[in-house]
Every structure is written in structure tokens, then in C-alpha cells.
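Where a number appears in this text, it was derived from the coordinates with a stated rule and is not lab data. From a predicted model like this one, the values you see are computed outputs, not experimental measurements. Cβ sites come from the backbone with ideal geometry, for glycine too, and all protein chains shown count toward neighbours.
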Amino acid sequence: MALKTVFAFGTQPFDPTNRFATSWLLPPWMLLACRALISIYIFTTLFFIMGYTCAHASLGGCLTVRRSFSYFTVITYWGLGFYFAAASVHTLTYLVRGGRPLLASFPRPLQALHSLLYTSIVTLPFLVTAVYWAVLYKAPWFELPFDGWHNVSQHALNSLFALFEVLAARTEAMPWVHLVWLIAILLGYLGVAFITLATQGWYTYSFLDHDKVGGRGYVAAYVFGIAVGIVVIFAVVWAVVWLRKWVTEAKMGRTGRFVVERRVDVEMSQVKEGE
């Protein structure tokens, strides 16, 4: 893959049928409501966790809150919230501007970044969920309902929210070049984790601590395994998106629910009333 391809924004028209702002299943107003509610839930969860933790010294207080920004789970959860907030704005403007979302007015670099943001939120949450429940979680279940709730919110509902976008939106299958950027994001986070170790003296995740896992070779194996994991997840999500588009559009003829449908319905009702 040529380097210029990785940094290219593309030459074809960006999202000419407003796939990022519409759904094959839900009318635009309902898609807007779902996206907005998901965004509100995510941000409410994040701010409640911060406030509740700060108010309870037994949970680590505000120091734990400050440290939380070094966790990949928390970073991706913020990203998920901001994606759904941005997607809500694009669907809202699609509605109020008669079928032209704000995204269509963006310069090409911002459009490309929105596409990459979409790719990240339909892949990374599945990685977070898999690593947490397969590697990090240790039974028994949490004693405090608060701990159980926020871990389910950040390590289970995150994937449910991602799955909603995979299945409900009209998006095309993600560009394969985005896989390079996902790996770059993971490498960048690895840098964040070791900067945190160097500046604050603690590991964000136990599998990065060579003393706990049995040596640096095991740390390298975990890192390599996560890299393989994101490749597999990307391929699976790509296939699911492609299959969803093929089934809904080619087989079912559900090309999309558009804002113009409401206008047609109104006109038809007026004709019937006139009769």
C-alpha cells in the first residue's frame, strides 16, 4: 500500500446519498432520536462516574478520575459519545435542511476524518469488550452496584452501541486503508501507556507489566495478539456491513429511509383529502 494512499482523502464524491446521516430501517427522525439518546447516555455515564468517584474516597477519589483518562476503555468511550453526538447533528441537519446534512458542507479532510471516526467506533469497542472480559475481568462479580453498572456500560453496552451503527445505518463497508490507521491508533495508545508509566509510575493495564505476566516476551505477545485482534474485528465488521448492505438493498430493495418520503406522504394525503 503506497504511503500516499494512506494519507489520501479520495477523489470520488463523498457520501453522495447521505449514507452517514440516514438508515435503511429507521426514518431520519427516529435515527436522530436513537443516536441522540445513545450520546446522552454515554456522556451522562462518563460525568456521573467522574462525579461519584470524586465524591467517594473509597473509590480512589479525584486521583482515580484523573488517571482514568489514561485508559483505552475510557478514551474509546469518549470517542463513542462524540461520534453519536456528531452523527446526531448530521442527521438533524439532514432533516431541517431538506436532505443536505452538515457533513456534506464540510471540507474533504473533515469528511474523511468523520469516515475514520465511524470506522473506529464500529471496531474498537468490540476490541475493548473482548480484551476486558477475556483477559482483565476476574470473578466474582462486583460487590458495589456502581462498579457493576459502569463496567457493563463501558465494556458491554459500548459494543451494543457500535452494533447499532453497524446494522442500522446505511454506511458502505469501511475502506481497507482505515485498518492502517486503527493499528496506528493502537500503537499511539501504547505510547500513552508507557508515557503514563514513565511520568506517573503505574501501568494502565496489567498485561503491560512484564513482572506480572512473566517477562517482556509475554508483553510483546499480548500486544501482537491485540494487533491481530483488531485485524480480525475489522474484517468481520467489514463483512457484516457489506452483507447488511447487500441484503437490505440488493435483496430487500430497502435503499434507505429519506426525508423526502415525508414530503411525498404529505402530498399524497392532501390529494386524498381533495378527492
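For residue 23, the residues whose amide H sits under 5 Å from its own are 257, ignoring neighbours fewer than 5 places away on the same chain, with H placed 1.01 Å from N.
Placing a label point 7 Å from the Cα of residue 30 along the Cα-to-Cβ direction, the residues of the stretch 74-92 with a backbone N closer than 20 Å are 87-92.
Over all directions, the projected convex hull of the C-alpha atoms in the stretch 99-225 averages 11.1 nm² in area. Overall, the stretch 48-147 carries a charge dipole of about 380 debye about its Cα centre when +1 sits on the Cβ of Lys and Arg and -1 on the Cβ of Asp and Glu, all other atoms neutral.
Diffusion coefficient of the stretch 1-74 by Stokes-Einstein, Kirkwood radius over Cα pairs, 37 °C, 0.692 mPa s: 200 µm²/s. For the chain, the longest principal axis of the Cα atoms and the long axis of helix 28-55 meet at an angle of about 20 degrees. When you filter the chymotrypsin sites (Phe, Trp or Tyr not before Pro) in the stretch 196-245 for DSSP loop state and at most 13 other Cβ atoms inside 10 Å of their Cβ, you are left with 202. Distance between the modelled labels on residue 142 and residue 172, one decimal in nanometres: 4.1 nm (7 Å Cα→Cβ projection). Computing Rg and the Kirkwood Rh from the Cα coordinates of the stretch 17-274 gives a ratio, Rg/Rh, of 1.04.
As a footprinting exposure proxy, order 121, 195 by other Cβ within 10 Å, with the fewest listed first.
Ordered from fewest to most neighbouring Cβ atoms within 10 Å, 121, 195 come out as 195, 121.
Mean-square fluctuations from a GNM of the chain, with a 10 angstrom spring cutoff on Cα atoms, peak among 23, 70, 105 at 105. Percent of alpha carbon pairs in the stretch 21-137 separated by more than 22 Å? Taking all Cα-Cα pairs of the stretch 21-137, the fraction more than 22 Å apart is 46 percent. Normalised by 2.2 N^0.38 Å, where N counts its residues, the alpha-carbon radius of gyration of the stretch 46-100 equals 1.64.
Relative to the Cα centre, the charge distribution of the chain, modelled as +1 at Lys and Arg Cβ and -1 at Asp and Glu Cβ, gives a dipole magnitude of about 420 debye.
Placing a pseudo-label 7 Å from each Cα along the Cα-to-Cβ vector at residue 200 and residue 55 gives an inter-label distance of 2.3 nm.
Helical content of the chain, expressed as a calculated mean residue ellipticity at 222 nm, amounts to -22000 deg cm²/dmol (DSSP H runs of 4 or more residues, -39,500 (n - 2.57) each, divided by residue number, nearest 500). Given their separation in residues at 0.36 nm each and the Cα-Cα distance between them, residue 82 and residue 235 gain 52.7 nm when the chain is fully extended. Placing unit charges on each Cβ (+1 for Lys and Arg, -1 for Asp and Glu) gives the chain a dipole about its Cα centre, and among 91, 112, 223 the Cα reaching farthest toward its positive end belongs to 112.
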